[in-house]
1. From the backbone phi of segment 36-42, what are the Karplus-calculated ³J(HN,Hα) couplings (6.51 cos²θ - 1.76 cosθ + 1.60, θ = phi - 60°) in whole Hz, Gly and Pro given as x?
2. Go ahead and estimate [θ] at 222 nm for the chain from helices alone: -39,500 (n - 2.57) per DSSP H run with n ≥ 4, summed, over the residue count, rounded to 500.
3. Starting from the amide H of Val82, placed 1.01 Å from N in the peptide plane, find each other amide H under 5 Å away whose residue is 5 or more places distant or on another chain.
4. Over segment 129-209, what number does the Rg to Rh ratio reach, with both radii from the alpha-carbon atoms and Rh per Kirkwood?
5. Taking the highest mean first, how do the peptides 74-84, 4-14 order by number of other beta carbon atoms within 10 angstrom per residue?
6. Of all beta bridges DSSP finds with both residues in the chain, what is the antiparallel percent, to the nearest 5?
7. Trypsin sites (Lys or Arg not before Pro) within segment 87-181: which are DSSP loop residues with at most 11 other Cβ atoms inside 10 Å?
8. What is the local net charge at Gly15, summed over the other residues whose Cβ is closer than 12 Å to its Cβ (Lys, Arg +1; Asp, Glu -1)?
Amino acid sequence: MTVVVLLGVPGAGKGTQARVLAERLGVPHVATGDLFRAAVRDGSPVGLEARRYMERGQLVPDVITIRMLLDRLAQDDAADGVILDGFPRNRAQAETLDEALAARGSRVDLAVSIEVPPEELVRRLSGRWVCQDSGHVYNETTNPPREPGRCDLDGSVLVQRDDDKAETIRARLDLQLASLRDVMAYYRATGGLRQVDGVASIDDVTAAILAALADDTVGLADRW
Ligand code: AP5
Ligand code: MG
């Protein structure tokens, strides 16, 4: 299995990079935020519960998040691995992931933290547009679609996320930073954490992540 974890504050570029890496490595992009937004759209019990936390910028409780993630990992298309975006978000989630992978004789190959200073984030997130059908990510200034309001890839309508209002962006940053630091410390302790500069262009960030994955100690160069 190939298992890569992408870490970073809201707006760091996890979703943008995960999509490219998933294609390059031939494994699915699994984003707990996307799974929750799909559940909210469906009006399912998980969606109704998750929405209460998401709109306040808080983490959804582990009991809901972990079950949803484990169900997703059990699907056939994840048999060869995943690019994880937005999971794990705290130490309990990181430990559960390790246990679930160990049961399959596998482990996290590398956790990559995409580093972006806070002042850049509000600017990025207030200019973000995502496609309604598949969550493809755009930005008004740094990554615009060819036709305003339409996804380049599937033609669906571009919308802004409910939690990209300025006050919710600030709440997400304030409320989630401590647990992100815990997760980084968790992976740093095992030597499985790399940090890349997330302020560079989208292509340069991808190149930096691929270089980290190709590093001798990680040894994923033959996977793409
Ligand atoms: P989630 O969907 O994971 O949101 P997030 O972590 O806040 O991250 P974002 O999706 O906002 O940012 P991103 O890093 O993906 O950036 P993107 O690539 O879009 O989670 C949402 C909520 O769900 C959470 O708040 C929580 O409530 C809940 N949740 C999810 N997972 C959970 C879990 N495990 N446990 C508990 N609760 C959970 O890029 C941002 C913008 O910047 C875009 O416009 C993009 O085009 C642009 N951009 C990207 N890269 C660059 C670049 N290099 N240069 C210039 N612009 C760039
Ligand atoms: Mg995202």
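Values in this text are rule-based calculations from the coordinates and carry no lab data. Since we're looking at a predicted model, the values are computed, not measured. Cβ placement follows ideal geometry from the backbone for every residue including glycine, while neighbour counts extend to all protein chains displayed.
1. Taking θ as phi minus 60°, the curve returns 5, 5, 5, 5, 5, 4, 6 Hz for segment 36-42.
2. Details: 8 runs with 104 residues, N = 224.
So the helix-based figure for the chain works out to -14500 deg cm²/dmol.
3. For Val82, the qualifying residues are Thr2, Val3, Val4.
4. On the way: Rg = 16.2 Å, Rh = 15.3 Å.
Over the Cα atoms of segment 129-209, Rg/Rh equals 1.06.
5. Values: 74-84: 16.5, 4-14: 24.8.
My ranking of the peptides, most packed first, is 4-14, 74-84.
6. Numbers: 7 of 24 bridges.
Beta bridges within the chain, antiparallel portion: roughly 30 percent.
7. Details: sites: Arg89, Arg91, Arg104, Arg107, Arg123, Arg124, Arg128, Arg146, Arg150, Arg161, Lys165, Arg170, Arg172, Arg181; in loops: Arg89, Arg104, Arg107, Arg146, Arg161, Lys165.
Taking segment 87-181 and a limit of 11 other Cβ atoms within 10 Å, the loop trypsin sites (Lys or Arg not before Pro) found are Arg146.
8. Values: positive: Lys14, Arg19, Arg37, Arg124, Arg128, Arg161; negative: Asp34, Asp85.
Neighbourhood net charge equals +4.
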